[in-house]
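Have a look at the structure below, then the notes.
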Amino acid sequence: MKHKVTPLLLLLIVTMLLGACAPEPSPGEPQSLTVMTHDSFAISEEVIAQFESEHGVTVNFVRSGDTGTALNQAILTKSNPLADVFYGLDNTFLTRALEEELFLPYDSPMLDQIPDEFKIDPGNHALPVDYGDVCINYDKAFFEAQALPIPTSLEDLIDPRYAGLLVTQNPATSSPGLAFLMATIAHFGEDGYLDYWQALVENGLTVVSNWETAYYTNFSGSTGQGPQPLVVSYGSSPAAEVIFAQTELEESPTGSIIGPNTCFRQIEFVGILRNTANPDLAKAFVDFMLSVPFQEDIPMQMFVFPVNPQASLPEAFLEHVDIPDQPASLPPELIDANREAWINAWLEAVLD
Amino acid sequence: MLTVKAIEKSYEGEPLLNGVSFDVHPSETICLLGPSGSGKSTLLRIIAGLEESEGGEVLWNGRSLADTPAHQRRFGLMFQDYALFPHRNVSENIAFGLRMQKLPPQEIQTRVDSALETINMAGFAHRKVTELSGGEQQRVALARALAPNPRLLMLDEPLGALDRTLREQLSQELRRILHQSKVPAIYVTHDQEEAFAIADRLLLLHHGVILQSGPPHDFYHHPRNVWVAKFFGLGNLVKGTIVAHSPLQVKTHLGLIHPSCDQDPQPIGAEATLLFRPTQASQSPQEMKNRITGRVFDQVFQNGRYHITLQINEQVPDFHVLLTHPVEIGADLAVAYQPADVLCLQNDFGEI
Amino acid sequence: MNTLRKTLFRWLKQPTWRAALFWLLPAAFLVYFFYQPLLALFNLVISPTWGFDLSALDLTPVWRPLSFTVGQALLSTLLTLIIGLPGAWLFAHFTFPGKRTLKILTTLPFILPTVVVAAGFNSLLGPRGWVNLGLMALFDLPTPPVRFLNTFGAILVAHVFYNTTIMIRVVSNAWSQMNIRLRHAAQVLGASPWRTFREVTLPLLRPSILAGTLLVFLFNFTSFGVVLMLGGPQFATLEVEIYTQALHLLNLPLASMLSILQLACTLLITLGHNRVSGLGEMVISPATRTMAARPARTTLERAVIILLVASLFILLVAPLASLALRSFVKLEPTRGERGEVERGLTLQFYRELGVNRRGDLFFVPPIAAARNSFMFALITILITLSLGILVAYALLQNSAINKILDPLMMLPLGASAITLGLGFIIVFNRPPFSTLRFPILIPIAHALVALPFIVRTLSPALRNIPSSLRNAARVLGASPFKVWREVDLPLLAPSLLVSTIFAFTISLGEFGASTFLVRPDYPTMPVAIFRYISQPGALNYGQALAMSTLLMLVCALGIFLIERLQKPGKDTF
């Protein structure tokens, strides 16, 4: 046994040493571009192939956990970056990334096509790519069977008729949970949101730790298992229910409540990491991400909306996703300054 | 006292004990002798209640022990590998059985001390048993088995693992201790010298049955069959055919021999085996009937006598005799046996 | 040259030098791959560029999670002991139909990602789980009578579910190798079966029970997913707090402080354990007569065995079975009827696993995921066994350096996966590791976690080999290496087997550190499961369950193959 193990171990060590001696790729002729992103990132093979053949490069993706994890890694390695481009930063973490000076500014020519409402960073360090809404989903069958009207506002949720129907996530451990907390702050103000949450608790609110539990365990709309017909999820989830249905569906079993401030808008950004060895290629990739082919691929892969209005939406989206007229939002600086205080206050008010 | 009745036990489908029966009387030491693998240790474990027999029963003073578990039988058992508790020191090991009897601590102390005294290990009370030599471990194991005053003591090859000098010394000591304590004992060994030294009575176990039982000298003078004679190495065994009765005559390759017989002899024409003890050969053959002539092949001086190997003919290549006077190697020699000294043995069973 | 050799030999006669020699490679491994990344992270975090201010650090969020962490770990460990010890007894003493299968099944919980385990428990005990639905139908109840999810009880049950296998494997291994004559001796000396257990069996099992308890306790102490997903938001262990602080509040200094605290606790616990168990003090006499497992003889025995097998089945196998079953059941809700699902069985989820519907660049075919998982597990086994054997020999030497190095080797068990993962990123973000196409860091991270298990399994077994055997071999002319191969290795075989299974399962199921290190080109099965379950849609959920079922199958197959390595006819559970 040992005499089989030893050579293998030696081989391993030798490989490592060889690796240590291997010359670093010369910066003159860039052959690959590395994009750092979060786990939810997905894209079609052919779209990336298009970019690769146009520029004669290979694109590598490093997917590093959720948004927080990926951002942490980018910050910790900013002097010696793991990648050239970072994609997946959202407006709740934007200020932090800008403060850390992670990105090079880039005035992409593509920005002209993007509506101003998405361009939150005036310095153009972080460029918007897509947006999505965190919304409350409802189980259509439940409300039909009970002959209950579907709630339309945050205020409705504290109506005793809807007692015990809502499940949300702990904002300390879940990003949709945090987004929903911020929607209530945007709607009721920093003075009023805790009273609202108090009322939610009194009305039989259920809180779980993460989206997976809330959606697949507590929610009744998706797999028909849970006790709550209202869940904090994404505005695009009803479309996903159709696309990922077992048997073809004409209508989604769920819907999103799109009243005033019931949804919180998350915008995702891309940035060029400051110490990249390939700034030009990185710029080309950012441009490509904002261009129509990439933008049109986004909805079906990541279930978010492209920021470029020229990109046409797939049918499932047009049919099953409602876009709120008045999504909630908060200034990124305010989020960054108060996130911890809000969460702590929430923990005290809701969990204790 | 102890009655063992028709015990049966098989091991992996093969019969191991095939109806073993015997008694042990007050303050008697019996020795269970048999080759390795004859089921001696298994028999002890059945008597101790550690294993169940498949047939037969064990009785104490006429009462069956079937419903008495091992720990209530008040028997002592000394294991072949001593089985001292490695997590307890010498005196704790000896005290174990006394504690089980719920004796007051002072009495336990006194009895442990006297037990240590008996085995000449008074200074060893607090030594770890793992640090003891083999002989010391053996004595501690004996003390541990004796300390609770068992109704019956069983010893399983207690000297097996020790060297010869130690064995001789300890077997003397064992006999002294056994006689002092007057406890009836079953002593298991495969070593006949040890058995002869210890036993009041000997039981020979072979092929799952007691082949012969009796005082040690019985085995020497009256082996019950060929196997017993072979096992004890009693002397030259020569096969032949019975040709006449009263006086009994057996035709062998040594010629026509007149033996004596313990049992009723077999009918004429039956096979018989004759035992010629080397010590009983006589060197003045003229006046005797059973004359054996051969060539001196080898001669060794042993225990004050000459051990001579005779070559008789092709069928009997070596015949051993012990003589008081030396002879010349290569010379012809005639010896003779009194009819009373040639024992006619049964071939019925137990052939190796 | 000759003098050098002589000096070397003189050195090696001293246990400390011998221990040091054995420690050389494992210690280098630990320093390079564990202590270096951790220190680098802490160093970076408290450096002025991060604006770290110790006095401003608010430590109030520390005490509540700390006391909860200790409390739940103690309770969970106690419960695991209560279930695991009878389980170990069962496996060490008896043969019964289906023993091999049950043995493998009890190991499976250990490898499953928490998110899947949560799904399994939910389909069994959730508000619409089988138990509640059954009870509701039986007693005509309007609401589910059993509230399991988001309770303290759920945390405890899940911990027992995960860790019972550790207790069973470690203790039953020692139990079946115990010299049976010792128990016989006690019985003949008048000790009742219970007394024999208390006075002889238990003290002799103590080292392995303590070792198992230590491992289980540390696992519970650093519990993350179970607390988060089954316990719900009102419970937070230190590890959950580290996760929240580091990844949601971006407060790395506080996260680092918490993880230092967690490491300190781990160190204290290990030191305490070594003090109580007396590392290397007791030498158990060689087991000349071990007991062979046998079928039940009496009715009572049969009843007890049936009871134990049934409880192990209910506790450990039922959630797995309900999970596997769910992967074959249609989940689609029928229009208009709330809570009703379309009945019927389907293989659709399995078929879908092999289909890349959307042309996703990161699509993972199940075979590829299984192959990656297997490959990482294999390398983990190689690394841990080589290092583990060395450490076990080092611990055999009677030297003071063991007292220091042994707890330091145990520390990776108490390290937060998040801090370790971030540390890895900082330190190994440069050649050779960043240029290596193959993500060697993943099996290395797995090896760090598996090593303490392997050492805790091998070390007692090694201690039990009587030195007389080695001397005998040496006198018969065997070189030291020959002695090792001919004497030690065969006698270590049963424990090596258990070690291999531990390394295999730890590697297969580890998810924490892997998330930081995994590259899209080498996704493992848990990573693939996580990708499915983090998206809405019945098909995604079904595929996550299907992939989990495949993971269980792969694991069962792996254990089966590993156990086949052993000589037939020997039962060593």
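Here are some conditions: (1) at the interface with chain C (Cβ under 10 Å from one of its Cβ atoms); (2) buried (at least 16 other Cβ atoms within 10 Å of the Cβ); (3) part of a helix (DSSP H, G or I). A:Leu111 meets all but one. Which one does it not meet? Of (1) at the interface with chain C (Cβ under 10 Å from one of its Cβ atoms); (2) buried (at least 16 other Cβ atoms within 10 Å of the Cβ); (3) part of a helix (DSSP H, G or I), only one is false for A:Leu111: (1). For segment C:203-235, give me the residue count where each residue is within 30 Å of B:Phe79 (Cβ to Cβ) and either touching a residue at least 24 places away in the same chain (Cβ under 8 Å) or more than 10 Å from chain B (Cβ to nearest Cβ) (or both). Number satisfying all stated conditions: 9. Applying the condition of being away from chain C (no Cβ under 14 Å) and without any contact (Cβ under 8 Å) to a residue 12 or more places away in the chain to segment A:141-155 and asking which residue is surrounded by the most Cβ atoms within 10 Å (Cβ to Cβ) yields A:Glu155. Select from segment C:236-246 the residues that are farther than 15 Å from C:Thr266 by Cα and β-branched (Val, Ile, Thr) and write down the one among them that is farthest from the other protein chains (Cβ to nearest Cβ). Checking each candidate, the answer is C:Ile242. Count of segment B:200-229 residues, restricted to those that are in contact with a Pro (Cβ under 9 Å, 6 or more places away or on another chain), of a type in the set (Gly, Ala, Ser) and surrounded by fewer than 22 Cβ atoms within 10 Å (Cβ to Cβ), is 1.
Take the conditions (1) at pLDDT 85 or above; (2) more than 30 Å from B:Ala272 (Cα to Cα); B:Leu174 misses just one of them, which is (1). The criterion of at least 2 residues that are farther than 30 Å from B:Leu153 by Cβ is met by the following strands (runs of 3 or more DSSP E) wholly inside segment B:196-260: B:236-244, B:249-252, B:255-257.
The residue that is farthest from C:Pro144 (Cα to Cα), among those in segment A:200-224 that are in contact with a Ser or Thr (Cβ under 7 Å, 6 or more places away or on another chain) and free of Cβ contacts under 8 Å to residues at least 12 places away in the same chain, is A:Glu212. Scanning segment A:294-312 for residues that are in contact with a helix residue (DSSP H, G or I) (Cβ under 6 Å, 6 or more places away or on another chain) and either of a type in the set (S, T, N, Q) or surrounded by fewer than 18 Cβ atoms within 10 Å (Cβ to Cβ) (or both) returns A:Asn308, A:Gln310. Among strands (runs of 3 or more DSSP E) entirely within segment A:144-240, having at least 2 residues that are assigned by TED's automatic domain parsing to the domain that holds A:Ala341 and closer than 15 Å to C:Pro233 by Cα singles out A:166-169, A:206-208. Got at least one residue in segment B:147-162 being part of a helix (DSSP H, G or I) and buried (at least 19 other Cβ atoms within 10 Å of the Cβ)? No, segment B:147-162 contains no residue that is part of a helix (DSSP H, G or I) and buried (at least 19 other Cβ atoms within 10 Å of the Cβ). Candidates C:Ile501, C:Ile426, C:Ile465, C:Ile454: the one that is over 30 Å from A:Thr58 (Cα atoms), of a type in the set (Val, Ile, Thr), surrounded by fewer than 23 Cβ atoms within 10 Å (Cβ to Cβ) and touching a residue at least 40 places away in the same chain (Cβ under 8 Å) is C:Ile465. Does at least one position in segment B:234-244 carry a residue that is in contact with a strand residue (DSSP E or B) (Cβ under 7 Å, 6 or more places away or on another chain), under 28 Å from B:Phe79 (Cα atoms) and surrounded by 20 or more Cβ atoms within 10 Å (Cβ to Cβ)? Scanning segment B:234-244, I find no residue that is in contact with a strand residue (DSSP E or B) (Cβ under 7 Å, 6 or more places away or on another chain), under 28 Å from B:Phe79 (Cα atoms) and surrounded by 20 or more Cβ atoms within 10 Å (Cβ to Cβ), so the answer is no.
Among the residues making up segment C:142-158, a single one is farther than 17 Å from A:Thr213 by Cβ and outside any loop (DSSP other than H, G, I, E, B): C:Leu156. Does A:Ala345 satisfy being out of contact with any Pro (no Cβ under 9 Å at 6 or more places or on another chain), within 12 Å of another protein chain (Cβ to nearest Cβ), over 26 Å from C:Phe362 (Cα atoms) and at pLDDT 90 or above? The answer is no for A:Ala345. Just one residue in the set B:Thr189, B:Thr165 is surrounded by 22 or more Cβ atoms within 10 Å (Cβ to Cβ) and polar (S, T, N, Q); that residue is B:Thr189. Restricting attention to segment C:409-468, the residues being part of a loop (DSSP other than H, G, I, E, B), at pLDDT below 80 and not basic (Lys, Arg) number 12. Considered as a group, the residues in segment A:254-279 that are part of a loop (DSSP other than H, G, I, E, B) and crowded, with 24+ Cβ neighbours inside 10 Å include one that is farthest from the chain's Cα centre (by Cα), and that residue is A:Thr262.
Would you point out the residue of segment C:179-203, among those that are in contact with a helix residue (DSSP H, G or I) (Cβ under 6 Å, 6 or more places away or on another chain) and not in a helix (DSSP H, G or I), that is surrounded by the fewest Cβ atoms within 10 Å (Cβ to Cβ)? Of everything passing the filter in segment C:179-203, C:Ser192 is surrounded by the fewest Cβ atoms within 10 Å (Cβ to Cβ).
As for segment A:319-327, it holds at least one residue that is at pLDDT 90 or above and crowded, with 19+ Cβ neighbours inside 10 Å. Flag not set for A:Val207, criterion: β-branched (Val, Ile, Thr), more than 10 Å from chain C (Cβ to nearest Cβ) and under 25 Å from C:Val240 (Cα atoms). Taken as a whole, segment C:96-112 holds at least one residue that is away from chain A (no Cβ under 14 Å), surrounded by fewer than 24 Cβ atoms within 10 Å (Cβ to Cβ) and more than 29 Å from C:Met547 (Cβ to Cβ). Yes or no: A:Gly164 touching a strand residue (DSSP E or B) at 6+ places or on another chain (Cβ under 8 Å), surrounded by fewer than 16 Cβ atoms within 10 Å (Cβ to Cβ) and either among the acidic types (Asp, Glu) or at pLDDT 90 or above (or both)? Yes, satisfied.
Looking at segment A:296-318, which of its residues are in a helix (DSSP H, G or I), of a type outside the set (A, V, I, L, M, F, W, C) and without any contact (Cβ under 8 Å) to a residue 24 or more places away in the chain? Passing the criteria: A:Glu296, A:Glu315. Candidates are the residues of segment A:69-108 that are of a type in the set (Val, Ile, Thr) and part of a helix (DSSP H, G or I); the one that is farthest from the other protein chains (Cβ to nearest Cβ) is A:Thr95.
For segment C:167-191, the candidate set comprises residues that are over 18 Å from B:Glu51 (Cβ atoms) and polar (S, T, N, Q); within that set, the residue that is modelled with the highest pLDDT is C:Ser172.
Per the conditions (1) more than 8 Å from chain B (Cβ to nearest Cβ); (2) under 26 Å from B:Gly97 (Cα atoms); (3) modelled with pLDDT under 85, the sole criterion not satisfied by C:Arg198 is (3). Among the residues of segment A:179-199, write down those that are small (Gly, Ala, Ser) and touching a residue at least 40 places away in the same chain (Cβ under 8 Å). Scanning segment A:179-199 gives A:Ala179, A:Ala183, A:Ala186, A:Ala199.
The values are calculated or read from the model by the stated rules, or taken from the named source; none is laboratory data. Quick caveat: nothing in here was measured; it's all calculated off a predicted structure. Using ideal geometry, Cβ is built from the backbone for each residue, glycine included, and neighbour counts are taken over all protein chains shown.
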